[in-house]
1. Projecting each Cα onto the charge dipole of the chain (Lys/Arg +1, Asp/Glu -1 at the beta carbon, about the Cα centre), which of LEU109, LEU394, GLN380 comes out farthest on the positive side?
2. Determine, from the Cβ-Cβ distance of ILE84 and VAL194 and an R0 of 22 Å, the FRET efficiency 1/(1 + (r/R0)^6), rounded to the nearest 0.05.
3. Exceeding 26 Å between C-alpha atoms, which entries from my cross-link table qualify? They are LYS173/LYS238; LYS48/LYS243; LYS243/LYS343; LYS238/LYS349; LYS243/LYS349.
4. Sort the following peptides by mean Cβ neighbour count (other Cβ atoms within 10 Å, averaged over residues), highest first: 194-203, 121-130.
5. Excluding ligands, DNA and RNA, what is the solvent-accessible area per residue of the chain at a probe of 1.4 Å, expressed in Å²?
6. Give me the one-decimal nm value for the distance between modelled label points at TRP59 and ASP419, 7 Å along each residue's Cα-to-Cβ direction.
7. Could you work out how far apart the two model spin labels at ALA323 and TYR410 are, taking each label as a point 7 Å from the Cα in the direction of the beta carbon, and quote it in nm?
8. Under a point-charge model restricted to the Cβ atoms of Lys and Arg (+1) and Asp and Glu (-1), what is the dipole moment magnitude of the chain relative to its Cα centre, in debye to the nearest 20?
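The values are calculated or read from the model by the stated rules, or taken from the named source; none is laboratory data. These numbers were taken from a predicted model, which means no experiment stands behind them. Backbone-built Cβ (ideal geometry, glycine too); neighbour counts: all protein chains shown. Accessible surface is based on the protein model in full, side chains and every heavy atom, while ligands, DNA and RNA are left aside. Shrake-Rupley method; radii C 1.70, N 1.55, O 1.52, S 1.80 Å.
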Amino acid sequence: MQKDSSSNDTPSNHLGRVRHRKRSTEVSQDANKANGANLLVNDRNKYKSMLIRTHSSLWMIGAFAFIIYMGHLYIWGMIVVIQIFMARELFNLLRKANEDRQLPGFRLLNWHFFFTAMLFTYGRFLSRQLVNTVTSDKLLYQLVSGLIKYQMVICYFLYIAGFVWFILTLKKKMYKYQFSQYAWTHMILLIVSVQSSFTVANIFEGIFWFLLPASLIVINDIAAYFFGFFFGRTPLIKLSPKKTWEGFIGALVTTMFSAFVLANLMGRFQWLTCPRKDLSTAWLHCDPGPMFKPEYYSLQGWVPQWFPWKEVPILPVQWHVLALGLFASIIAPFGGFFASGFKRAFKFKDFGDSIPGHGGITDRMDCQMVMAVFAYIYHQSFVMPESFSVEMILDQILRNLTFEEQQTLYEQLGKIFQDRQAMPP
């Protein structure tokens, strides 16, 4: 009887201790929230994390600056590498080793879909640059023109091949896992391949339209971290308990100011503002266009007489980037909140461990993807000139006409010019 009594008391005491610890923790957290003692700056363990994060951030910024200096083609290569790492991290999230052992080649099928999507998206965005690169070689030009003309058909049948491959690999008792992986693969294609293609399109419209939006996301992230670290008291959203209103508002002000200043600095370099028409790495020279030509605003009546500057130069693009700064501060963070909610749903902290102090590549790119799409849409809608240009017409000719048809067009245009010159004035 005594033995039974002691055995019955043990779980009761154990559960009591568990409840006591939980109740004690909740009271402590409530007390901290009440008196404002939950500032991250008061948590000494966070300083080590901050130093690791800062060190890796400096390395990333240095490598990023070097690649920007190298030019458009190298930036595109960087984006492709980032895409592959992101896809690898996302493919591994829901992977189950036991099921994969029973499905040889299933991982290869995922990569087949991924690279097919890359071929389709980049083929659509970069066909003009590819054609302009090979115009000097007639045989290569004809080959590339043919591939571009039938690129959609090629990609479609590559996808159909993967679809048939998937159906043929279905196994009894594995249907649920296989179809969930199939759906997850297509979500990865939407998140990674499609959105990254907008990033590459921004690069070839001018590095400015890639670098500035990406920089604003980084500035917003850093500012939110430090404002939240030193001043954060009020939680912002339950999905990310460490996000605070103080960090959010401080980052908003910092990002808007940085957008206006950085646009003026970056807009002065043709290397950043000129669009790239081919896939070469040569230095760029172009007419910057009205967006990057300064307009002077008088300060008379606004500043005292002793103030040295009587007028201030502002590039028209500086007003446009305020919209980018606003989006980077208010909307783009929801890409991070989405990622946080996803990680909580599947009970893991980070998408990977590629970057010390930051997690995986996907953890750093969640907001960048949302921002890149908006930057492309904004540029095409509000910045690009609406009228047809010589470049746009040439692009259509090179993309849609065969070499013989282009020669015929050239001869006909020559006759039209000769007839006009022969006409009396």
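1. Positive-end residue among those listed: LEU109.
2. After rounding, the FRET efficiency stands at 0.90.
3. Violating the 26 Å limit, Cα to Cα: LYS173/LYS238.
4. The most tightly packed comes first, giving 194-203, 121-130.
5. Ligands and nucleic acids excluded, the result is 61 Å² per residue.
6. Output for this residue pair reads 6.8 nm.
7. 4.0
8. Taking the Cα centre of the chain as origin, the dipole is about 2160 debye.
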